[in-house]
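Undergrad: Quick one: the structure is below, and I'll ask about it shortly.
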Amino acid sequence: MSEYAIAAHLSAARTIMPLVVSVDVNKQVPALEKYYAPDVIFTDPLVYCTSRAQMQAIIAAMKFFFRSIETNVVNVYHAENDPEVMLDAVVTANFHYFIGLGLHIRMRVLAKLVFNHPDGLITLHQDMWSFQDVVQGVFLSGLKLPGGRTVTEVCWNGFKTVFTWVTLGFLWILRVYKPEKMKEEQQKKEGKGDQKAQGKVA
């Protein structure tokens, strides 16, 4: 792949994200038609689209939930002789007041863009982000505790700790009681076998 093609991919990636990840349809539609193949695959932790039309419908629906979305591209990476571009961005989405009481989500997004179309269009767009960022961004994100931590962060870490111990306890129960259960079932089977044998003798 030529240096010109690599530079073009990096420039396109920086341009695409703020246009596509927004609530402005007038920016989304032209960007999708210019940079994305008709049969592009778009996927993230929640959705899986197999065409540009599906992707456009999903992205356009964001305006019903968010009053504004800002995308700040931190960096882009391109491997030599590889049509894949990795993009690191920070996305801030502000809910409508009648849906999310004006709360906002601020999360880190790692996007993979594959320019593998004969016309240089994107054939795969994969967004990777964390549900923890969403939870921390929505619930009580602005309340601070001593030490600079948010209430959400403390609650989330507490939930993870409790969930970990519950899971470990469940696994411990399975490990301890499963052999006893198997032993009880075996004894029942042996008892039934002895009763049948006694019945035949009688």
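Undergrad: Residues in segment 14-25: is at least one under 19 Å from residue 115 (Cα atoms), of a type in the set (D, E, K, R) and either out of contact with any Gly (no Cβ under 7 Å at 6 or more places or on another chain) or open to solvent by 60 Å² or more (accessible area, probe 1.4 Å) (or both)? If you could, list the steps in order and put the result at the bottom.
TA: First, the residues of segment 14-25 that are under 19 Å from residue 115 (Cα atoms): 14-21.
Checking the rest, the ones that are also of a type in the set (D, E, K, R) come to 14.
Among the residues that remain, those that are also either out of contact with any Gly (no Cβ under 7 Å at 6 or more places or on another chain) or open to solvent by 60 Å² or more (accessible area, probe 1.4 Å) (or both) are: 14.
Yes, that holds for at least one residue.
Undergrad: Considering only segment 53-71, how many residues are open to solvent by 40 Å² or more (accessible area, probe 1.4 Å) and in a strand (DSSP E or B)? It would help to see each step written out before you state the result.
TA: Going through segment 53-71, the residues open to solvent by 40 Å² or more (accessible area, probe 1.4 Å) turn out to be 53-54, 56-58, 62-65, 67, 70.
Within this subset, residues satisfying the condition of being in a strand (DSSP E or B) are 67, 70.
Residues that pass the stated criteria total 2.
Undergrad: I've got another one for you. Return a yes/no flag: does segment 32-52 have any residue that is surrounded by fewer than 16 Cβ atoms within 10 Å (Cβ to Cβ), under 19 Å from the mean Cα position of the chain (by Cα) and assigned to a strand (DSSP E or B).
TA: Within segment 32-52, the subset surrounded by fewer than 16 Cβ atoms within 10 Å (Cβ to Cβ) is 33-34, 38-39, 44-48, 50-51.
If we keep only those that are under 19 Å from the mean Cα position of the chain (by Cα) as well, we get 44-48, 50.
Narrowing further to those that are assigned to a strand (DSSP E or B): 48.
There is at least one residue in segment 32-52 that is surrounded by fewer than 16 Cβ atoms within 10 Å (Cβ to Cβ), under 19 Å from the mean Cα position of the chain (by Cα) and assigned to a strand (DSSP E or B).
Undergrad: Just one of 91, 85, 74, 109 is of a type outside the set (D, E, K, R), touching a residue at least 12 places away in the same chain (Cβ under 8 Å), exposed (fewer than 14 other Cβ atoms within 10 Å of the Cβ) and touching a strand residue (DSSP E or B) at 6+ places or on another chain (Cβ under 6 Å); which is it?
TA: Working: 91 fails: exposed (fewer than 14 other Cβ atoms within 10 Å of the Cβ); 85 fails: exposed (fewer than 14 other Cβ atoms within 10 Å of the Cβ); 109 fails: exposed (fewer than 14 other Cβ atoms within 10 Å of the Cβ).
Answer to the selection: 74.
Undergrad: Being among the small types (Gly, Ala, Ser), in contact with a helix residue (DSSP H, G or I) (Cβ under 7 Å, 6 or more places away or on another chain), closer than 30 Å to residue 13 by Cβ and modelled with pLDDT of 60 or more is the requirement here; does residue 93 meet it? Break it down stepwise before answering.
TA: Working: among the small types (Gly, Ala, Ser): yes; in contact with a helix residue (DSSP H, G or I) (Cβ under 7 Å, 6 or more places away or on another chain): no; closer than 30 Å to residue 13 by Cβ: yes; modelled with pLDDT of 60 or more: yes.
Against the criterion (among the small types (Gly, Ala, Ser), in contact with a helix residue (DSSP H, G or I) (Cβ under 7 Å, 6 or more places away or on another chain), closer than 30 Å to residue 13 by Cβ and modelled with pLDDT of 60 or more), residue 93 does not qualify.
Undergrad: Which of the residues belonging to segment 11-28 are at pLDDT 90 or above and of a type in the set (A, V, I, L, M)?
TA: 12, 13, 16, 17, 19, 20, listed by residue number.
Undergrad: Within segment 117-145, restricting attention to residues that are at pLDDT 85 or above and polar (S, T, N, Q), which residue is nearest to residue 65 (Cα to Cα)?
TA: 126
The values are calculated or read from the model by the stated rules, or taken from the named source; none is laboratory data. Quick caveat, the model's predicted, so the values are computed rather than measured. Please note: Cβ atoms are built from the backbone with ideal geometry, for glycine as well, and neighbour counts cover all protein chains shown. Accessible surface areas use protein heavy atoms only, side chains included; no ligands, DNA or RNA. Shrake-Rupley method; radii C 1.70, N 1.55, O 1.52, S 1.80 Å.
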